[in-house]
Amino acid sequence: MDIFADYHAHTNLSYCCDPEITPEFYVDIIDAGLISAAAITDHSMAIYFPPSVAWSWDFIFDSTLFDEYREYGNKRLEEHLNNLAEYTKKGIIPGLEAEMMEDGRLTFDMSLRNKIKVLIGSVHYLPYGHLTDTQEILKHWKVHVFMLLNSGIDIIGHPFRWMEKICPPDEKTIRNAVMEAGRAHVAMELNSHDISPRTDMMMLMAAAECGTKISLGTDTHHPAEAADFSYHMKIIRHCGLKLSDLNLYEYHL
Ligand SMILES: [Zn+2]
Ligand SMILES: [Zn+2]
């Protein structure tokens with residue numbers, strides 16, 4: 001059985017993650033030989049904002065909220081990253097999952113970037129879901145994703161999840177995003193939490209063709225999701241691909 005590194009994993013610092021999941025939880029599954037390493041990529045929104053602000057998503061279009069909570073968040077993020085750094089010898093990679101605000105800034109302070117070894121940028125919410133013209137939504141999403149890919153992230157998390165729910169992207173849109181990620185030296189993520197097989201297959205086929213990196217992540221929020229790469233293997237097989245056909249993202253401690 002292949003043993004993978006998991007490049008997307010949450011702890012109970014993220015509001016949506018089960019309380020028993022801590023850095024030690026991942027150290028235990030690394031020690032048990034189930035994964036080789038885990039990038040702990042908690043939500044920056046949970047580190048920078050209290051739950052009521054985080055879940056309102058208002059900070060996406062009103063970035064003054066980020067400025068208001070910046071000091072509070074910086075202190076929490078720095079403490080968290082310093083804590084994770086204590087576990088690096090045990091296979092833990094300090095990381096973060098951030099959103100991009102509409103002004104183009106990521107939801108953490110760039111002064112802490114050098115402590116973040118795996119930076120995931122994800123679209124969780126965009127303020128266009130209410131628009132009735134799907135072409136308009138697509139246009140806004142494309143601009144947002146282009147900017148996100150060029151914002152200094154290492155991996156784009158679950159690249160099509162939001163769009164697939166609002167207005168399913170076609171093959172050309174997916175292929176263009178994969179090619180832009182390759183140009184920007186950003187890995188596209190194959191994610192097994194809240195799966196999207198249709199877009200994942202199109203993404204993998206395009207990535208196998210043009211060499212864009214693919215990152216394997218479980219996006220663990222619940223213990224049962226940890227170290228489970230069965231979806232990743234199944235969907236790669238369904239594409240008629242082998243792991244060796246893909247340019248896999250790696251980070252070495
Ligand atoms: Zn996410
Ligand atoms: Zn996540």
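The values are calculated or read from the model by the stated rules, or taken from the named source; none is laboratory data. The model shown is predicted, which means the values in this text are computed figures rather than measured ones. When we count neighbours, we look across all protein chains shown, and the Cβ atoms used for this are built from the backbone with ideal geometry, even at glycine.
Which of the residues spanning segment 41-56 are under 24 Å from V118 (Cβ atoms) and not in a helix (DSSP H, G or I)?
Matches in segment 41-56: T41, D42, H43, F49.
Residue-level check: of (1) assigned to a helix (DSSP H, G or I); (2) in contact with a helix residue (DSSP H, G or I) (Cβ under 6 Å, 6 or more places away or on another chain); (3) of a type outside the set (A, V, I, L, M, F, W, C), R70 misses just (2). Please tell me if S230 is free of Cβ contacts under 8 Å to residues at least 60 places away in the same chain, closer than 13 Å to F4 by Cβ, out of contact with any Leu (no Cβ under 6 Å at 6 or more places or on another chain) and small (G, A, S). Taking the combined requirement at face value, the residue satisfies it.
Taking each residue of segment 78-89 that is in a helix (DSSP H, G or I) and looking for partners that are exposed (fewer than 15 other Cβ atoms within 10 Å of the Cβ) and not hydroxyl-bearing (S, T, Y) with beta-carbon atoms closer than 6 Å, six or more apart or interchain, yields T88/L253. Given the condition within 16 Å of ligand 2 (Cβ to nearest atom), under 29 Å from K213 (Cβ atoms), modelled with pLDDT of 95 or more and among the aliphatic types (A, V, I, L, M), answer yes or no: does some residue in segment 48-59 qualify? No, the conditions are met nowhere in segment 48-59.
Applying the condition of being away from ligand 2 (no atom under 16 Å from the Cβ) and aliphatic (A, V, I, L, M) to segment 6-34 and asking which residue is farthest from K90 (Cα to Cα) yields L34.
Yes/no per residue for (1) at positive phi; (2) within 12 Å of ligand 1 (Cβ to nearest atom); (3) outside any loop (DSSP other than H, G, I, E, B):
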{"residue": "P94", "(1), (2), (3)": "no, no, yes"}
{"residue": "E97", "(1), (2), (3)": "no, yes, yes"}
{"residue": "E102", "(1), (2), (3)": "no, no, no"}
{"residue": "F108", "(1), (2), (3)": "no, no, no"}
{"residue": "L112", "(1), (2), (3)": "no, no, yes"}
{"residue": "G121", "(1), (2), (3)": "no, yes, yes"}
{"residue": "H124", "(1), (2), (3)": "no, yes, no"}
{"residue": "G129", "(1), (2), (3)": "no, no, no"}
{"residue": "T132", "(1), (2), (3)": "no, no, no"}
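Annotation: L190 fulfils all but one of (1) assigned to a helix (DSSP H, G or I); (2) within 16 Å of ligand 2 (Cβ to nearest atom); the unmet one is (1).
For segment 121-130, the count of residues that are modelled with pLDDT of 95 or more and more than 16 Å from ligand 2 (Cβ to nearest atom) is zero. Against the test of being of a type in the set (K, R) and either surrounded by fewer than 19 Cβ atoms within 10 Å (Cβ to Cβ) or touching a helix residue (DSSP H, G or I) at 6+ places or on another chain (Cβ under 6 Å) (or both), the options K165, K213 yield a single qualifying residue, K165. Picking from residues in segment 89-106 that are closer than 18 Å to T11 by Cα and under 13 Å from the mean Cα position of the chain (by Cα), the one that is surrounded by the most Cβ atoms within 10 Å (Cβ to Cβ) is E97.
Number of residues in segment 176-191 that are crowded, with 24+ Cβ neighbours inside 10 Å and in contact with a Phe, Trp or Tyr (Cβ under 7 Å, 6 or more places away or on another chain): the value is 1. Out of T11, T41, one residue alone is surrounded by 16 or more Cβ atoms within 10 Å (Cβ to Cβ) and in contact with a Leu (Cβ under 8 Å, 6 or more places away or on another chain). It is T41.
Residue under question is V178, and the condition is that it be under 21 Å from H232 (Cβ atoms), over 13 Å from the mean Cα position of the chain (by Cα), β-branched (V, I, T) and away from ligand 1 (no atom under 16 Å from the Cβ); does it hold? Walk me through how you get there before you give the answer.
Working: under 21 Å from H232 (Cβ atoms): yes; over 13 Å from the mean Cα position of the chain (by Cα): yes; β-branched (V, I, T): yes; away from ligand 1 (no atom under 16 Å from the Cβ): yes.
Criteria met by V178.
For first residues located in segment 146-165 and within 12 Å of G182 (Cα to Cα), partners that are in a loop (DSSP other than H, G, I, E, B) and of a type in the set (D, E, K, R) and lie 6+ apart or on another chain with Cβ distances below 9 Å form the pairs D154/K117.
Within segment 27-54, residues that are closer than 14 Å to L96 by Cβ sit with their Cβ atoms under 8 Å from residues that are within 16 Å of ligand 1 (Cβ to nearest atom) and among the polar types (S, T, N, Q), at 6+ positions apart or across chains, in these pairs: I40/T11; D42/T11; D42/S14; H43/S14; S44/T107; M45/T107; A46/S14; Y48/T107.
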